[in-house]
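Take a look at the structure set out below.
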Amino acid sequence: MEIHESGELFEAVQLQNILGDGKTFPDCTPNRSLEEIRKDYLNKKDSSGFDLSEFVNKNFTLPKEHATDYKSDPNKSAAEHIHALWNVLTRNPEKEKSSLIPLPHPYVVPGGRFREIYYWDSYFTMLGLQVSNRIDLIEHMVNNFAHLIDTIGYIPNGNRQYYVGRSQPPFFSLMVNLLSSHKPDALAHYFPQLAKEYAFWMKGADQLSEKTQTQHRVVRMPNGSVLNRYWDEHNTPRPESYKEDIELAHQSDQKPDEIYRHLRAAAESGWDFSSRWFRDEHSFSTIHTTEIIPVDLNCLLYSLEKTLAEVSLKRGDSKQANAYLQKSEKRKASILTYCWSSEKKFFFDFDFVANKQKESYTLASAFPLFFEIATPQQASGVEAIIKTKFLKPGGLTTTLLNSSQQWDAPNGWAPLQWIAYKGLLNYGFDALATQVKTNWTTANLKVYANTGKMTEKYDVFSNDGAASGGEYPNQDGFGWTNGVYLAMQEL
């Protein structure tokens, strides 16, 4: 049993917000058998003078706070600060009697409340580790992800038991490609895990038909092609955001199990949360993530199919290589069919239930440029809109709408700056790419000069860069910001 499976006890602690941050309690370590604690709670909870906070503090150990005494050296440059920070953010293998899923090798955590490895964050962290020549850590982290694929069947959102049921944007093949520039046999070595991850995302594809449009993460499109969506195996409140999910369900017209699945699927996207996932972009309670074909997810899976084709060919299996190549070409054609708007000259997510494109302008539109799926004419359209609508003094805004969600305006995020920056370079838009890099890294440096920290996200509209919005305060550390900053400085 995990803490989040302790029934009434878990509900009471979370709904009464005993520990402040909903993520803290599921990360705690029980001081004795969880079953004993649970029974003890049930026996005592209605007695006079019972204090739930006191009960929790007596029976649970709070998660370990690492490097709470760490202070950055104001005399160091931001790059020097980051090079030194990798060791502070590194966790070594350890077995806790908590929700942590033990990993066999050291790994880098993002920082702040994020005390575990996160899937898509880690690719952008690795970009910086490469600049710092920490190839050892890159290899350790790739091995950890391979271990998770081997043992769980996929890479969960993070290495916590309560994240099992969902993944995150599939960047594993990009990590392996990055490692292969230092370890030439990496792609061949991790081929079994790459293939297994692909099978996870495509689970149920062979069961799709005109009558069965969806299975897990796969969707049969009107023209018979198959594209992917975000999903979660569970339809209950997220343990780490239990109170918030319950409260939103009370506000929504949707059935609780449906909205919980949409919330979890949005968490799988990494964009938790954004008006991108709302039916009415001004209303969080209209979230409908599992009805959406995200352009970025399908670009990532196109890349995975291409990687699998290339490695299959090197392995001498031309039949398998052709099969993967055909899948990638079909996916590319389908992305262009359903996600490109020739009228607006931009890429959009597709609502397959309503059978129409979503209207939200988001930086996910840069992914077809990053993976070179867009035609030159399409890329030119995207470049023009990024330049006129998304470019701000501190970098690129995530969306054009300020909804108070953290993956909306006015916030900018390191991974999306990198995807857009590299995507623009791919099509020769060097001037705009350079401007994006300059604006973003300048914002990073302003916040670093003011606070001595690199943070999770930035307000790209403001002069000081301090960001807000979302379910929790802005976090410092910060893995992917560090990684993208160093990688941009190298180019």
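The values are calculated or read from the model by the stated rules, or taken from the named source; none is laboratory data. Predicted model, so just to flag it, every value in this text is computed and none were measured. Note that each Cβ is placed from the backbone with ideal geometry, even for glycine, and that neighbours are counted across all protein chains shown.
Values as computed for the structure displayed
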| item | result |
| --- | --- |
| Residue list for the range 298-335, restricted to those being out of contact with any helix residue (DSSP H, G or I) (no Cβ under 7 Å at 6 or more places or on another chain) and in contact (Cβ under 8 Å) with a residue 40 or more places away in the chain | 300, 310, 330, 333, 334 |
| Residue satisfying all of: in the range 193-206; free of Cβ contacts under 8 Å to residues at least 24 places away in the same chain and more than 20 Å from the chain's Cα centre (by Cα); farthest from residue 146 (Cα to Cα) among these | 206 |
| Scope the range 215-245; condition under 23 Å from the mean Cα position of the chain (by Cα), more than 15 Å from residue 154 (Cβ to Cβ) and not in a loop (DSSP other than H, G, I, E, B); matching residues | 215, 219, 226, 227, 239, 240, 241, 242, 243, 244, 245 |
| Odd one out for residue 486, checked against (1) at pLDDT below 90; (2) more than 27 Å from residue 21 (Cα to Cα); (3) crowded, with 19+ Cβ neighbours inside 10 Å | (1) |
| Subset of the range 51-86 [exposed (fewer than 12 other Cβ atoms within 10 Å of the Cβ) and more than 30 Å from residue 128 (Cβ to Cβ)] | 51, 53, 54, 58 |
| Filter pass, residue 241 being among the hydroxyl-bearing types (Ser, Thr, Tyr) and within 30 Å of residue 23 (Cα to Cα) | yes |
| Within the range 352-469, helices (runs of 4 or more DSSP H) holding 2 or more residues that are of a type outside the set (A, V, I, L, M, F, W, C) | 376-385, 414-426, 430-451 |
| For residue 101: the one exception among (1) buried (at least 19 other Cβ atoms within 10 Å of the Cβ); (2) within 20 Å of residue 455 (Cβ to Cβ) | (2) |
| Every pair of residues 6+ apart whose Cβ atoms lie under 6 Å, when the first sits in the range 264-284 and is of a type in the set (A, V, I, L, M, F, W, C) while the second is in a loop (DSSP other than H, G, I, E, B) | 265/230; 265/231; 265/232; 266/272; 266/273; 271/407; 273/405 |
| Residue match in the range 409-426 (condition: among the aliphatic types (A, V, I, L, M), touching a residue at least 40 places away in the same chain (Cβ under 8 Å) and in contact with a Pro (Cβ under 8 Å, 6 or more places away or on another chain)) | no |
| Single condition residue 94 does not satisfy, out of (1) in a loop (DSSP other than H, G, I, E, B); (2) of a type outside the set (Lys, Arg); (3) over 27 Å from residue 482 (Cα atoms) | (3) |
| Residue within the range 15-37 that is hydroxyl-bearing (Ser, Thr, Tyr), at pLDDT below 95 and either part of a loop (DSSP other than H, G, I, E, B) or surrounded by 14 or more Cβ atoms within 10 Å (Cβ to Cβ) (or both) present | no |
| Any hit, the range 109-120, residues being part of a helix (DSSP H, G or I) and surrounded by 21 or more Cβ atoms within 10 Å (Cβ to Cβ) | yes |
| Residues of the range 191-207 classified as outside any helix (DSSP H, G or I) and at negative phi, total | 2 |
| Any chance residue 446 is buried (at least 19 other Cβ atoms within 10 Å of the Cβ) and of a type in the set (Lys, Arg) | no |
| Failed item in (1) more than 21 Å from the chain's Cα centre (by Cα); (2) touching a residue at least 24 places away in the same chain (Cβ under 8 Å), with residue 88 passing the rest | (2) |
| Flag if residue 451 is surrounded by fewer than 22 Cβ atoms within 10 Å (Cβ to Cβ), of a type outside the set (D, E, K, R), outside the structural domain of residue 284 (by TED's automatic domain parsing) and farther than 20 Å from residue 71 by Cα | no |
| Residue 240 being at pLDDT 95 or above and over 17 Å from residue 288 (Cβ atoms) | yes |
| Residue within the range 156-164 that is of a type in the set (D, E, K, R), in contact with a strand residue (DSSP E or B) (Cβ under 8 Å, 6 or more places away or on another chain) and outside any loop (DSSP other than H, G, I, E, B) present | yes |
